[in-house]
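Below is one structure, written out as structure tokens; the observations come after it.
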Amino acid sequence: MSTPNDKKFSFEIKKSAENSLARVGTISTPHGDIQTPAFIPVGTKATVKSVLPGAMKDLGSQALLANAYHLYLQPGPDVLDEAGGLAKFMNWPGPTFTDSGGFQVLSLGVGFKKVLAMDAKTFRSDQVIAGNKERLAHVDDDGVTFKSHLDGSMHRFSAEVSMQIQHKIGADIIFAFDECTTLHNTRPYQELAMERTYDWAIRCLDEHKRLTDVRSDKPYQALFGVIQGAQYEDLRKKAAHDLGTMSSSGIEFDGFGIGGALDKGSLGTIVGWVNSTLPENKPKHLLGIGAPEDLFVGVENGVDTFDCVLASRIARSSAVYTMQGRFNVANAPYVRDFNPIDDECDCFTCTNFTRAYLCHLFRGKEMVAATLATIHNERFIVRLVDQMRQALLDGNFMDMKEEFLGRYKHRSGQSRD
RNA sequence: GGCGGGUUGCCCGAGCGGCCAAUGGGAGGGGACUGUAAAUCCCCCGGCUCUGCCUUCGAAGGUUCAAAUCCUUCACCCGCCA
């Protein structure tokens, strides 16, 4: 039987790069270790869509990240608690994370029915400022009121509620409840949101401490504070400083998440501000980032773990990664292409099936199309970050990065050139 | 043999004198997706020398300023009656 202190959370840095913030380390949790930098695939509702846990393990996933808001609505935190926690419930043999529901403040709030583009040029500020009557989430200083996207019922989240839910879900690493904003909220609004996030961070620490003491029979859960501040240097650094030094109820954050508005072009700069301000010896998780080129930027700016739905989401609509870039395997040129998706890939899909077969499955709307494409994309991303870790250990990260980016071209139809 | 219904762009299917190159679906072609309201969403989809022109709504002929829409004949399909 676990006791709160017998397998406590820890983070050990094994090697730091000389000319960047990049480092190699190990995060230890009650359910196992994570060698960092690492990509953590997302299984929002306690499953990576279309892929079984065993397959996720086989493709090299070290941990999975689920979502407190979604699991709260269905099946409910009590079910997860009775099941013995998230990992046991979904039969995942390793560490787990849960997001707090902070992202849903945005995605169901002002971001409702909007494309929350990472590219500042494709996101119009009036889309945010104009407001939106249909939105399902409304924020105030104390918390957020959600209208369930499943049945329309009303729900109230606060720092305390999010902690209570995440404690019942029982992931090894949980996140503080924050307000996620977009690239185009006004500066005064970003300041307001950041103040709330700061306020909620203290309340999360307090509630987390209380719940940890009450449930002393359960494995220790690590709490990560979330850094907001949008694109503003002073706000990001202030948030990083404040949360980095924050202590309440006698505890501090075990690690940090970097969230919110992150324009692709300034991703590295912003993450660099944050990570050079936060305490060096604690793990940093970059929330929601996972495009290949962005992962390099994150790693060299001190990010230890990433999570992102992109790999699995694009897989379900037939986009697949290769070392040369991504392409749509359901397109006409692949009907009779009997090569693997990527001949350099070692995944289950690439070692057993052809592009033509995947193309056929997608066109026939067969469910395994999503499974096979997701396995491939998740493997591609997990492996890419694994290769970054190895390159850092070998001292040739920059060469590895140059070589990859030199070959990898995201053949996007827009926003290029 | 008689009566009735039908034949529309790759497929299904609206339209029933002008606002019709012709509504919708599907298929097909392409794109997007970054703490998952997402097996979703968006765009294109007769041709061209493309703010206009040409050829299309079973075939041929006719009425009309104007026909996918009305009339005649023919071909094929589907019902019901003999």
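The values are calculated or read from the model by the stated rules, or taken from the named source; none is laboratory data. Since the model is a prediction, treat every value here as computed from it, not as a measurement. No Cβ is skipped: glycine too gets one built from the backbone with ideal geometry, and neighbour counts run over all protein chains shown.
Just to be sure before I move on: is A:VAL297 among the aliphatic types (A, V, I, L, M), without any contact (Cβ under 8 Å) to a residue 40 or more places away in the chain and touching a helix residue (DSSP H, G or I) at 6+ places or on another chain (Cβ under 7 Å) in the structure I sent? Taking the combined requirement at face value, the residue satisfies it.
Here is a yes/no grid of residues against (1) part of a helix (DSSP H, G or I); (2) within 13 Å of RNA strand B (Cβ to nearest atom); (3) of a type in the set (A, V, I, L, M):
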{"site": "A:GLY265", "(1), (2), (3)": "yes, yes, no"}
{"site": "A:GLY272", "(1), (2), (3)": "yes, no, no"}
{"site": "A:LYS282", "(1), (2), (3)": "no, no, no"}
{"site": "A:ILE289", "(1), (2), (3)": "no, yes, yes"}
{"site": "A:SER312", "(1), (2), (3)": "yes, yes, no"}
{"site": "A:TYR321", "(1), (2), (3)": "no, yes, no"}
{"site": "A:GLU344", "(1), (2), (3)": "no, no, no"}
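Scanning segment A:114-139 for residues that are under 26 Å from A:SER266 (Cβ atoms) and either under 21 Å from the mean Cα position of the chain (by Cα) or at pLDDT 90 or above (or both) returns A:LYS114, A:VAL115, A:LEU116, A:ALA117, A:MET118, A:ASP119, A:ALA120, A:VAL139. For segment A:206-221, state whether one or more residues are under 20 Å from A:LEU278 (Cα atoms), touching a residue at least 40 places away in the same chain (Cβ under 8 Å) and not acidic (Asp, Glu). No, segment A:206-221 has no match at all. When A:TYR69 is tested against (1) farther than 26 Å from A:ARG389 by Cβ; (2) surrounded by fewer than 23 Cβ atoms within 10 Å (Cβ to Cβ), only condition (2) is not met. Screening A:VAL115 against (1) surrounded by fewer than 19 Cβ atoms within 10 Å (Cβ to Cβ); (2) among the β-branched types (Val, Ile, Thr); (3) outside any loop (DSSP other than H, G, I, E, B); (4) within 14 Å of RNA strand B (Cβ to nearest atom) leaves a single unmet condition, (3).
Scanning segment A:356-394 for residues that are within 13 Å of RNA strand B (Cβ to nearest atom) and basic (Lys, Arg) yields A:ARG363, A:LYS365.
Only residues that are in a helix (DSSP H, G or I) and either crowded, with 16+ Cβ neighbours inside 10 Å or at pLDDT below 95 (or both) were counted in segment A:232-244, giving 9.
This table checks each residue for (1) surrounded by fewer than 23 Cβ atoms within 10 Å (Cβ to Cβ); (2) under 20 Å from A:MET56 (Cβ atoms).
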position	(1), (2)
A:MET246	yes, no
A:GLU252	yes, no
A:ILE258	no, no
A:SER276	yes, no
A:ASP294	yes, no
A:ARG313	yes, yes
A:GLN324	yes, no
A:ALA332	yes, no
A:VAL335	yes, no
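Take the conditions (1) touching an Asp or Glu at 6+ places or on another chain (Cβ under 7 Å); (2) within 16 Å of RNA strand B (Cβ to nearest atom); A:GLY60 misses just one of them, which is (2). Out of A:VAL79, A:VAL105, report the one residue that is at negative phi, away from RNA strand B (no atom under 15 Å from the Cβ) and not acidic (Asp, Glu). Residue meeting the stated conditions: A:VAL79. Can you pull out the residues in segment A:261-274 that are buried (at least 17 other Cβ atoms within 10 Å of the Cβ), touching a helix residue (DSSP H, G or I) at 6+ places or on another chain (Cβ under 8 Å) and not charged (D, E, K, R)? Across segment A:261-274, the qualifying residues are A:ALA261, A:LEU262, A:LEU267, A:GLY268, A:ILE270, A:VAL271, A:TRP273, A:VAL274. Assess whether A:ALA171 counts as being in contact with a helix residue (DSSP H, G or I) (Cβ under 6 Å, 6 or more places away or on another chain), within 23 Å of A:ILE27 (Cβ to Cβ) and crowded, with 17+ Cβ neighbours inside 10 Å. When the stated conditions are applied, A:ALA171 passes them.
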